[in-house]
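After the structure tokens below, expect a handful of questions from me.
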Amino acid sequence: MTTFAAQNSDAAMDNARHTALILSAGQAIVGAAAPICIALGAIAGSYLLGEDKSLATAPVAGYSIGVALGALPAAALMRAVGRRRGFVSGAFITAAGGIVAAFALSSVSFWLFALGLLTVGIGGSFVQQYRFAAADASPSIFKPKAISWVLAGGVFAAIVGPQLVIWTKDAFAPAVPFAGAFIGLVALSLIGAFLLNFLRLPPAKATAGIDHADEARPLSVILTQPTFMAGLLCAIGSYSMMSFVMTGAPLAMVDCGFSTDEATLGISWHVLAMFAPSFFTGRLIEKFGKVPIVLVGLLLLAGCSAVALAGIDLAHFWIALILLGIGWNFGFIGSTAIVSETYSDAEKGRVQGIHDFLLFGVVAFASLMSGQVLNELGWSAVVSIVFPVVIICGLALIAVTRLEKRRSSY
């Protein structure tokens with residue numbers, strides 16, 4: 001029996017490694033669609049518009065909307081057909097979005113281009129589930145490493161996507177600028193679909209809240225907890241300000257005379273800074289606590305704005321984007337950890353759905369408004385808006401933390 005159990009354990013570990021490696025590769029390849037859309041979405045949008053460039057960031061907002069709209073249907077599809085088929089379908093959806101975007105550029109159709117990026121965003125909602133699938137397919141001892149492997153794929157996506165943009169964006173220029181990058185996105189997605197087809201995954205687990213609805217508190221009680229509200233506020237503040245500045249940055253760099261390649265490399269550094277700290281953010285939270293890490297993240301976001309206001313050299317843009325990425329990582333992961341302690345397993349399905357709906361709704365709005373503010377008020381106004389948001393989030397978190405300490409002392 002002992003030998004049989006050991007063999008089963010070895011087989012489970014081998015399957016977990018196999019799964020984590022494929023999902024990591026999928027994250028690096030299919031996940032590269034996100035930095036491609038971020039790097040070129042606003043620039044290509046500006047190219048497709050006339051003299052009024054205020055809606056230039058709408059395609060990037062469309063990508064964020066797609067991620068939000070696709071979250072629940074993606075989960076439902078994977079429950080119905082399994083995660084492997086769901087992930088392959090997500091890669092095909094991403095490819096379809098790339099085709100629509102490339103066709104829109106050839107047709108000089110701004111709103112069709114935005115629809116293409118929205119479709120890519122829907123495909124991206126499947127990518128968001130890779131790390132959870134890797135964890136669910138792993139023995140407890142391997143779960144953290146499996147998640148780290150998938151996150152490592154995100155680091156490579158930050159390199160693959162921008163490099164693809166640099167090497168392919170002018171493939172059909174001057175007739176159809178930027179279309180080559182989206183044709184490249186299609187190729188990446190199809191390669192990803194082929195790799196994901198080799199996954200060996202258990203069925204997706206049903207949402208705990210559905211099975212134990214009688215144990216769940218009313219949604220109004222959960223959402224009005226001061227700790228939940230403060231955590232949600234900081235998560236929204238961190239993510240929306242990151243999106244707000246990031247979306248406008250490529251346009252601002254081009255407006256300051258830098259090339260599209262230089263703007264794309266800036267986004268590459270930014271996305272690397274978003275993912276790379278994830279390997280040790282959890283350990284920092286364990287050592288220093290969630291609230292201090294969130295506050296450090298908010299300070300880094302403010303530091304990004306301070307650097308951006310200090311000048312418009314290329315170094316100012318790149319350093320600001322790196323600080324923006326690290327600040328998002330600390331602020332968002334720490335805030336998510338705070339929120340995760342305010343509900344039970346029986347409640348998480350509904351609460352996470354509301355959380356993500358509110359989060360990505362504001363993020364999409366921030367992406368859209370970035371172009372408006374940049375066009376009307378300039379780059380300095382874009383980065384200056386970060387300061388009041390950071391102050392409000394920080395003060396709310398500190399106030400709630402003190403309130404909870406007083407309650408626990410009684």
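Of all residues in segment 253-272 being of a type in the set (A, V, I, L, M) and surrounded by fewer than 24 Cβ atoms within 10 Å (Cβ to Cβ), which is farthest from residue 40 (Cα to Cα)?
First pass over segment 253-272, keeping only residues of a type in the set (A, V, I, L, M): 253-254, 263, 265, 267, 271-272.
So of that shortlist, the ones also surrounded by fewer than 24 Cβ atoms within 10 Å (Cβ to Cβ) come out as 254, 265, 272.
Values: 254: 11, 265: 11, 272: 17 Å.
Among them, the one singled out is 272.
Just for segment 335-347: of the residues that are out of contact with any Cys (no Cβ under 7 Å at 6 or more places or on another chain) and crowded, with 18+ Cβ neighbours inside 10 Å, which one is farthest from residue 38 (Cα to Cα)? Walk me through how you get there before you give the answer.
Residues of segment 335-347 that are out of contact with any Cys (no Cβ under 7 Å at 6 or more places or on another chain), as a first pass: 336-347.
If we keep only those that are crowded, with 18+ Cβ neighbours inside 10 Å too, we end up with 336-339, 342-343, 346-347.
Working: 336: 23, 337: 26, 338: 28, 339: 27, 342: 33, 343: 33, 346: 36, 347: 34 Å.
Only one residue tops the list, namely 346.
Can you tell me which residue within segment 165-204, out of those that are closer than 17 Å to residue 265 by Cα and outside any helix (DSSP H, G or I), is modelled with the highest pLDDT?
Ranking the candidates gives 178 first.
Of all residues in segment 218-248, which are of a type in the set (S, T, N, Q), assigned to a helix (DSSP H, G or I) and more than 20 Å from residue 321 (Cβ to Cβ)? Spell out how you get there, then give the answer.
In the first step, residues of segment 218-248 are kept if they are of a type in the set (S, T, N, Q); the result is 220, 224-225, 227, 238, 240, 243, 247.
Pick out the ones that are also assigned to a helix (DSSP H, G or I) and you get 220, 227, 238, 240, 243, 247.
Scanning segment 218-248 gives 220, 227.
Could you identify the single residue in 84, 79 that is surrounded by fewer than 16 Cβ atoms within 10 Å (Cβ to Cβ) and either of a type in the set (Lys, Arg) or assigned by TED's automatic domain parsing to the domain that holds residue 264 (or both)? Before you say what the answer is, go through the steps one by one.
Values: 84 fails: surrounded by fewer than 16 Cβ atoms within 10 Å (Cβ to Cβ).
Being surrounded by fewer than 16 Cβ atoms within 10 Å (Cβ to Cβ) and either of a type in the set (Lys, Arg) or assigned by TED's automatic domain parsing to the domain that holds residue 264 (or both) holds for just one of 84, 79, which is 79.
Moving on. For segment 316-410, which helices (runs of 4 or more DSSP H) that fit wholly inside it have 2 or more residues that are touching a Pro at 6+ places or on another chain (Cβ under 7 Å)?
Counting at least 2 such residues, we get 386-409.
Assigned to a helix (DSSP H, G or I) and either crowded, with 18+ Cβ neighbours inside 10 Å or at negative phi (or both): is that true of residue 162 in this structure?
Numbers: assigned to a helix (DSSP H, G or I): yes; either crowded, with 18+ Cβ neighbours inside 10 Å or at negative phi (or both): yes.
Yes.
Okay, moving on. When only residues in segment 35-61 that are free of Cβ contacts under 8 Å to residues at least 60 places away in the same chain and either part of a helix (DSSP H, G or I) or among the acidic types (Asp, Glu) (or both) count, which is farthest from residue 156 (Cα to Cα)? So that I can check it myself, show each step before the final result.
Step one: list which residues in segment 35-61 are free of Cβ contacts under 8 Å to residues at least 60 places away in the same chain, which gives 50-51, 59.
Checking which are either part of a helix (DSSP H, G or I) or among the acidic types (Asp, Glu) (or both) leaves us with 51, 59.
Details: 51: 37, 59: 24 Å.
Taking the candidates together, the pick is 51.
Which residue out of 150, 127 is among the hydrophobic types (A, V, I, L, M, F, W, C), surrounded by 21 or more Cβ atoms within 10 Å (Cβ to Cβ) and touching a Ser or Thr at 6+ places or on another chain (Cβ under 7 Å)? Talk me through it step by step, then tell me what you get.
Details: 127 fails: touching a Ser or Thr at 6+ places or on another chain (Cβ under 7 Å).
Criteria check complete, one pass: 150.
Would you confirm, using the coordinates I've provided, whether residue 366 is in the same structural domain as residue 294 (by TED's automatic domain parsing), more than 18 Å from the chain's Cα centre (by Cα) and buried (at least 19 other Cβ atoms within 10 Å of the Cβ)?
For residue 366, the condition - in the same structural domain as residue 294 (by TED's automatic domain parsing), more than 18 Å from the chain's Cα centre (by Cα) and buried (at least 19 other Cβ atoms within 10 Å of the Cβ) - is not met.
Might you let me know whether segment 321-333 holds any residue that is touching a Gly at 6+ places or on another chain (Cβ under 9 Å), among the aliphatic types (A, V, I, L, M) and closer than 12 Å to residue 248 by Cα?
The answer is yes, given that some residue of segment 321-333 is touching a Gly at 6+ places or on another chain (Cβ under 9 Å), among the aliphatic types (A, V, I, L, M) and closer than 12 Å to residue 248 by Cα.
Could you check segment 260-304 and list, in sequence order, the residues that are without any contact (Cβ under 8 Å) to a residue 60 or more places away in the chain and not in a helix (DSSP H, G or I)?
If the condition is that a residue be without any contact (Cβ under 8 Å) to a residue 60 or more places away in the chain and not in a helix (DSSP H, G or I), then 277, 289 are the ones that fit.
The values are calculated or read from the model by the stated rules, or taken from the named source; none is laboratory data. Small disclaimer: the values here were computed from a predicted structure and weren't measured. All Cβ positions, even for glycine, are placed from backbone atoms using ideal geometry, and neighbour counts span all protein chains on display.
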